[in-house]
Structures are given as structure tokens and as C-alpha cells.
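Taking it in order: structure first as C-alpha cells, then the write-up.
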Amino acid sequence: MTASEFTDEILCRHLGVSHLITGFDHHFGRRHEGDSNTIPDCSSRMNFRVTKEEAFIVDGKAVSSSSIRELLGEGEVRKAAALLGYEYFLRGKVVSGKRIGRNLGFPTANIEPLFAYKLIPSYGVYAVEAEIGDDKQKHIAMLNIGINPTIAGNDGKRTIEVHIIGFESDLYGRDVTVRFHSRLRDEMKFENVDALAAQMVKDREMTIALFRK
């Protein structure tokens, strides 16, 4: 649809808009021909008001969903939080896993996101806070996103596994929300599982230290 058709048919006749608020870089219609400069022409013709919001600037750059998605795709969760105004979070149900973490002394909950299209940050290890079900108590945790390359016979499927520090209860079937605080490191392939377990000890110590600050 052209910008004019979209305004007339969708905004006015279908939705009955009386006051439209647009973003600073808003475009719409065929080939993005409509923008915040052309909307006032439509508003005067169709009798609705228009307010244009100015860009919100952080570190000299305009905040946008594209820039936030890019940061999350790079694992830059702290920078993404600065643009969002809150820590990025992921909510999911705990499902059965291969119990790899338990065998290493780090029992983990394998999280299946509740929303199939939820953007998942890049592979790596993160310091997170976890909330279980509707309980608002926050638990310090570390989370791994990746394919566990050190484990022999792994099928290469991405997993999201959280180890809640000092938590021993069974979580299978329960909902868990994790809020990303900091990225600790990239996911790595270690020489053996002992080397992996030793690194996980360091990851846990770093996570505790970050939250103590």
C-alpha cells in the first residue's frame, strides 16, 4: 500500500485514529515512502493530530530496536541494558537435559524459551539473576548459551543452561526467568571435562564477585 492508502484505509477508516505519535525515524507504506514529514499532510486531510517524538540519545547515538538487537547478538548485555533501561531477560520452562552439569558438580536447569521468536544473546557464559515461578526472590546464577563443544558426542544443538548458585531443589517443569547482568566469556572447547569444570569454578567465583559489587 502507498503511504496515503495506509493512512486513509488502515489508520483512519479501520482504526479511527485521532492522535498519532510517531518515532523520530518512522517510515511506512510502499518502499517506505511515508515518513514523519509526509504524515502531517495526511493528518490535515483526514483530521487527526500528529506528535513526533525526538530521538533518545545514549553515548551520542540514537536508541533504536535495531541497535539493541545488534548488541544482544554480540553478547553485549550490559550495553543493551543501558539502551533498554532494564536488564534484558529470558523466560522459559525447565526441561530435561543430559545432566552434563550435574556430572561436573554444577547442576543446571535446561531452559526452553516460552516464546519461540525470543531473541537469544550470542553464545557464551553470563552472570545472571534467576527468578523461579512467581517467586520474586532473586538468585545469583551463571548461564551458558551454546553447544557444549567439550562434551563428546554432543549433537550440536543449542542449549540454554542456568546454574543457580547454592540452589539444590528440583526445577523440572517450572518456569524460570533469567535477567542478564554481565557477559563472563565466550563459550570455549576445553581439552577435557576436568579443565571445563575448573573453568566453571572460576566462572562461579567471578559471578559472585560481580554481584557483591
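Overview of values
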read-out	value
Residue identified as surrounded by 13 or more Cβ atoms within 10 Å (Cβ to Cβ) and within 17 Å of Thr207 (Cβ to Cβ) among Arg183, Arg174	Arg183
In segment 3-59, the residues that are in contact with a strand residue (DSSP E or B) (Cβ under 8 Å, 6 or more places away or on another chain), among the β-branched types (Val, Ile, Thr) and loosely packed, with under 15 Cβ neighbours inside 10 Å	Ile21, Thr51
Matching residues in segment 176-207 - criterion: being in a helix (DSSP H, G or I) and more than 23 Å from Ala80 (Cβ to Cβ)	Val193, Asp194, Ala195, Leu196, Ala197, Ala198, Gln199, Met200, Val201, Lys202, Arg204, Glu205
Boolean, Lys136 is basic (Lys, Arg) and part of a loop (DSSP other than H, G, I, E, B)	yes
Matching option when the condition is assigned by TED's automatic domain parsing to the domain that holds Lys98 and modelled with pLDDT under 95, among Lys157, Lys202	Lys157
Test: residue in segment 38-52 that is farther than 29 Å from Met200 by Cβ and under 22 Å from the mean Cα position of the chain (by Cα)	no
Restricting segment 60-82 to residues that are farther than 30 Å from Thr108 by Cα and of a type outside the set (S, T, N, Q), the residue that is surrounded by the fewest Cβ atoms within 10 Å (Cβ to Cβ)	Gly60
Which numbered condition Val176 misses (of (1) at pLDDT 95 or above; (2) under 21 Å from Glu74 (Cβ atoms))	(2)
Test: Gly85 is free of Cβ contacts under 8 Å to residues at least 24 places away in the same chain and closer than 30 Å to Phe56 by Cα	yes
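The values are calculated or read from the model by the stated rules, or taken from the named source; none is laboratory data. All figures in this text were calculated on a predicted structure; none of them were measured in a lab. Reconstructed Cβ throughout: ideal geometry from the backbone, glycine too, with neighbour counts over all protein chains shown.
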